[in-house]
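Since the structure comes first, as structure tokens, the remarks are kept for the end.
The values are calculated or read from the model by the stated rules, or taken from the named source; none is laboratory data. Not measured: the values here are computed from a predicted model. All Cβ positions, glycine included, derive from the backbone under ideal geometry; neighbour counts span all protein chains shown.
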């Protein structure tokens with residue numbers, strides 16, 4: 001086998017040409033990297049989120065770079081809007097092959113201070129959308145007969161508490177999602193639909209970049225990470241790309257931790 005033939009095999013194995021990927025929350029720091037990675041792999045990347053203008057802007061930048069992308073407004077807290085927008089994408093493209101749910105929200109409060117309003121908001125913006133996004137996309141995938149893949153972004157906090165921090169609501173929501181995706185995987189397997197999760201540890205983004213310039217802050221941030229650095233959005237996108245590819249077609253109900261060894265050493 002020549003080097004060229006080997007490269008073609010890799011491209012075929014991990015390429016997403018002809019696939020339609022709906023990336024919800026697709027214009028945040030991690031979502032942007034995922035939207036781009038799937039587009040570069042050949043998919044039509046549908047960048048979706050509550051702010052339709054931001055989704056359009058990112059899609060425009062991807063098109064300027066030569067990839068295929070669209071931006072849509074989608075309010076993931078509104079089940080009717082989820083169904084409407086997913087049906088619209090499926091009607092336009094034939095189906096939605098890949099769903100990536102990048103949603104997550106935390107209102108940090110210590111256990112003795114958690115309010116009902118804060119808990120409900122974290123639930124309604126984190127766990128509830130995961131249920132109804134998958135339901136809407138799976139409905140279209142079953143109807144099309146093409147199968148597909150669903151990938152939910154979790155967090156290491158779906159498996160680990162966070163000492164000294166107010167993460168009760170967030171841990172509950174992401175922990176619930178960790179079990180929900182397993183049930184989704186079992187129910188959808190007969191339709192050739194896989195459901196998996198990617199659980200990052202701390203990710204370095206523009207939001208925390210300045211704070212991490214301080215050596216002591218950085219030291220504390222990486223102290224429990226065996227690899228000795230924070231994840232990048234590209235690290236997370238790489239895991240999502242794998243789970244969206246045909247190489248992961250027999251992987252379902254699993255959670256891929258992108259945490260530099262944090263959970264392995266906990």
Checklist line | Odd one out for residue 35 among (1) modelled with pLDDT under 95; (2) closer than 10 Å to residue 100 by Cβ | finding: (1)
Checklist line | Condition broken by residue 151, with the remaining ones in (1) surrounded by 23 or more Cβ atoms within 10 Å (Cβ to Cβ); (2) over 15 Å from the mean Cα position of the chain (by Cα) satisfied | finding: (2)
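Going by what's in this entry, would residue 95 be described as touching a strand residue (DSSP E or B) at 6+ places or on another chain (Cβ under 6 Å) and crowded, with 16+ Cβ neighbours inside 10 Å?
Values: touching a strand residue (DSSP E or B) at 6+ places or on another chain (Cβ under 6 Å): no; crowded, with 16+ Cβ neighbours inside 10 Å: yes.
In short, no.
A quick yes/no check of all residues on (1) surrounded by fewer than 16 Cβ atoms within 10 Å (Cβ to Cβ); (2) touching a strand residue (DSSP E or B) at 6+ places or on another chain (Cβ under 9 Å); (3) at pLDDT 95 or above:
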{"residue": "1", "(1), (2), (3)": "yes, no, no"}
{"residue": "11", "(1), (2), (3)": "yes, no, no"}
{"residue": "18", "(1), (2), (3)": "yes, yes, yes"}
{"residue": "23", "(1), (2), (3)": "no, yes, yes"}
{"residue": "30", "(1), (2), (3)": "no, yes, yes"}
{"residue": "47", "(1), (2), (3)": "no, yes, yes"}
{"residue": "59", "(1), (2), (3)": "no, yes, yes"}
Next item on the list: Identify the single condition in (1) more than 21 Å from the chain's Cα centre (by Cα); (2) in contact (Cβ under 8 Å) with a residue 24 or more places away in the chain; (3) closer than 26 Å to residue 101 by Cβ that residue 224 does not satisfy, given that it satisfies every other one.
Entry: (3)
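Residues 189, 130, 138: which one is on the phi < 0 side of the Ramachandran plot, out of contact with any helix residue (DSSP H, G or I) (no Cβ under 6 Å at 6 or more places or on another chain) and at pLDDT 95 or above? Step through it out loud before you land on a result.
Numbers: 130 fails: out of contact with any helix residue (DSSP H, G or I) (no Cβ under 6 Å at 6 or more places or on another chain); 138 fails: out of contact with any helix residue (DSSP H, G or I) (no Cβ under 6 Å at 6 or more places or on another chain).
Step by step, each of 189, 130, 138 is checked, and only 189 is on the phi < 0 side of the Ramachandran plot, out of contact with any helix residue (DSSP H, G or I) (no Cβ under 6 Å at 6 or more places or on another chain) and at pLDDT 95 or above.
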Margin query: I need the full set of residues from the stretch 193-218 which are at pLDDT 85 or above, under 17 Å from residue 102 (Cβ atoms) and either over 15 Å from the mean Cα position of the chain (by Cα) or part of a loop (DSSP other than H, G, I, E, B) (or both), in order please.
Written below: 201, 202, 204, 205
Checklist line | Single residue of the stretch 224-241 satisfying the filter (part of a helix (DSSP H, G or I) and touching a helix residue (DSSP H, G or I) at 6+ places or on another chain (Cβ under 6 Å)) that is surrounded by the most Cβ atoms within 10 Å (Cβ to Cβ) | finding: 240
Item checked: residue 137, sole failed condition from (1) touching a strand residue (DSSP E or B) at 6+ places or on another chain (Cβ under 7 Å); (2) more than 18 Å from residue 244 (Cα to Cα); (3) in a helix (DSSP H, G or I) -> (2)
Notebook entry, point to check: Limited to the stretch 246-263, what total is found for residues that are outside any helix (DSSP H, G or I), in contact with a helix residue (DSSP H, G or I) (Cβ under 9 Å, 6 or more places away or on another chain) and under 11 Å from residue 194 (Cβ atoms)?
Noted result: 4
Margin query: Checking the conditions here, which among 175, 166 is out of contact with any strand residue (DSSP E or B) (no Cβ under 9 Å at 6 or more places or on another chain), closer than 19 Å to residue 122 by Cα, surrounded by fewer than 19 Cβ atoms within 10 Å (Cβ to Cβ) and in contact (Cβ under 8 Å) with a residue 12 or more places away in the chain?
Written below: 175
Next item on the list: Report yes if some residue within the stretch 64-78 is over 22 Å from residue 33 (Cα atoms) and either part of a strand (DSSP E or B) or without any contact (Cβ under 8 Å) to a residue 24 or more places away in the chain (or both); otherwise report no.
Entry: yes
Note to self: Among the listed residues 189, 159, 221, identify the single one that is under 22 Å from residue 129 (Cα atoms) and surrounded by 15 or more Cβ atoms within 10 Å (Cβ to Cβ).
What the structure shows: 159
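Looking at the structure I just gave you, is residue 33 in a helix (DSSP H, G or I) and in contact with a helix residue (DSSP H, G or I) (Cβ under 7 Å, 6 or more places away or on another chain)?
Working: in a helix (DSSP H, G or I): yes; in contact with a helix residue (DSSP H, G or I) (Cβ under 7 Å, 6 or more places away or on another chain): yes.
So residue 33 passes the test.
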